[in-house]
1. Within region 238-256, find all residues whose amide N lies under 16 Å from a label point positioned 7 Å from the Cα of MET273 along Cα-to-beta-carbon.
2. Report the label-to-label distance for LYS24 and ASP212 in nanometres (one decimal), using points 7 Å from each Cα along the Cα→Cβ vector.
3. What size of dipole, in debye to the nearest 20, comes out for the chain about its Cα centre when the only charges are +1 on Lys and Arg C-beta atoms and -1 on Asp and Glu C-beta atoms?
4. I'm a student and want to see the number: the projected area of the Cα convex hull of the chain, averaged over all directions, in nm².
5. For region 3-24 and region 113-164, what is the separation of their C-alpha centers, rounded to whole Å?
6. With the crude spin-label approximation of a point 7 Å out along Cα→Cβ, what separation in nm comes out for LYS136 versus ARG292?
7. Could you calculate the contour length gain from LYS118 to LEU192, that is, 0.36 nm times the residue separation minus the distance between their Cα atoms, to one decimal place in nm?
8. Between ILE2 and GLU255, what is the FRET efficiency for a Förster distance of 45 Å, r being their Cβ-Cβ separation, to the nearest 0.05?
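The values are calculated or read from the model by the stated rules, or taken from the named source; none is laboratory data. From a predicted model like this one, the values you see are computed outputs, not experimental measurements. Neighbour counts are summed over all protein chains in view; Cβ atoms, including those assigned to glycine, are modelled from backbone coordinates with ideal geometry. Heads up: the accessible areas ignore ligands, DNA and RNA and are worked out on the full protein's heavy atoms, side chains in. Shrake-Rupley method; radii C 1.70, N 1.55, O 1.52, S 1.80 Å.
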Amino acid sequence: MIKKILVTGGAGFIGSTLVESLLKDKHDLTIIDNFDAFYPKAVKENNIKGFINHPSIRFIEGDIQSPVLMEQLAALDFDVIVHLAAKAGVRPSIADPLGYQDVNVKGTQNLLELARRKKIVQFVFASSSSVYGVNKNIPWSEDDHVLQPISPYASTKVSGELLGHAYSHLFGTRFLALRFFTVYGPRQRPDLAIHKFSSAIMNGQPIDVFGDGSTRRDYTYVDDIITGINGAIHYDQTMYEVVNLGNNKMISLSEMIQVLEEVWEKKAIINRMPEQPGDVPVTCAAVEKAKRLFGYEAKTGFREGILKFKNWIDKR
Ligand code: NAD
């Protein structure tokens with residue numbers, strides 16, 4: 001069924017990849033993005049240039065904090081909101097906690113208010129594995145309600161999930177919080193380790209490696225995340241769910257660098273640095289719930305995903 005979907009953050013890494021997938025399914029799309037200065041506007045313009053003029057797309061450059069934008073959106077009709085816009089990144093949030101709060105919490109509430117006013121039932125929210133924080137029960141399960149975020153960014157995502165619970169309870173908004181686990185692939189944000197390290201290795205520059213290389217991440221290929229988001233867009237069984245979208249596999253920082261070296265056929269020059277505050281030692285998703293609710297399955301192995309990423313870099 002063709003839906004009218006509002007995608008916030010649609011010029012970003014995950015957002016622009018999602019938009020391309022939704023266009024293939026012929027949905028009618030409104031995209032919001034303010035080209036936040038976290039990384040260059042030119043990168044985001046490049047992300048959207050293939051679809052910005054598509055007849056099924058309405059692109060609005062605007063800030064989710066803006067009441068004027070919310071009025072503009074209230075004049076339109078939507079069946080679904082997919083809310084991806086956020087100040088992303090753990091380490092920068094430590095320098096700017098209030099900025100993260102304003103965009104990620106108040107901005108999310110603005111969109112929940114829009115859903116309430118317009119009686120938009122389906123609200124899909126980009127949450128994050130970082131909400132689990134330093135939880136030691138690996139793999140992390142959605143049933144574990146003890147969240148231990150250790151960065152302002154992570155705590156804004158907890159707030160978003162809880163606001164969604166209140167709106168779902170009070171106003172009948174179906175709220176689906178998807179906890180993404182370290183997403184990578186073509187268009188990955190330039191601040192994220194795989195992208196940053198790849199550029200440095202290619203150019204023969206040193207990479208800053210925080211800690212002894214033993215920290216582990218559950219890397220998830222972007223197309224698998226998009227399959228999960230699509231599952232949430234169509235889900236209609238219950239009114240509030242929190243769902244992990246991960247891979248259920250842990251790869252150490254040292255292993256990740258080794259795969260990059262193999263794929264780029266070049267040795268990394270490692271600049272060993274102390275561990276960073278706000279970084280968690282390990283992430284790993286239990287994915288049974290995503291499978292049960294959305295039929296989700298992460299299909300892309302790490303090496304395969306890195307090869308696809310390299311392919312994209314080479315073409316660019
Ligand atoms: P991204 O930075 O590439 O995309 C976010 C987009 O939101 C950007 O294009 C940015 O310009 C836009 N944006 C920021 N502030 C805005 C505002 N005030 N108004 C309108 N637009 C605004 O990041 P991404 O990696 O694609 O992440 C998308 C979502 O997924 C974010 O909510 C992020 O927190 C979440 N997430 C990402 C990962 C990951 O590994 N990439 C992991 C967990 C959660």
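1. What the label zone holds, given the 16 Å backbone N cut-off, is 253-254.
2. The answer from the label model is 4.4 nm.
3. On the way: 37 positive and 36 negative charges, 83 e Å.
Value, rounded to 20: 400 debye.
4. On the way: hull surface 60.2 nm².
Answer in nm², one decimal: 15.0.
5. So the separation of the two Cα centres works out to 21 Å.
6. 2.7
7. On the way: separation 74, 0.36 × 74 = 26.64 nm, distance 3.61 nm.
Fully extending the segment from LYS118 to LEU192 adds 23.0 nm.
8. 0.55
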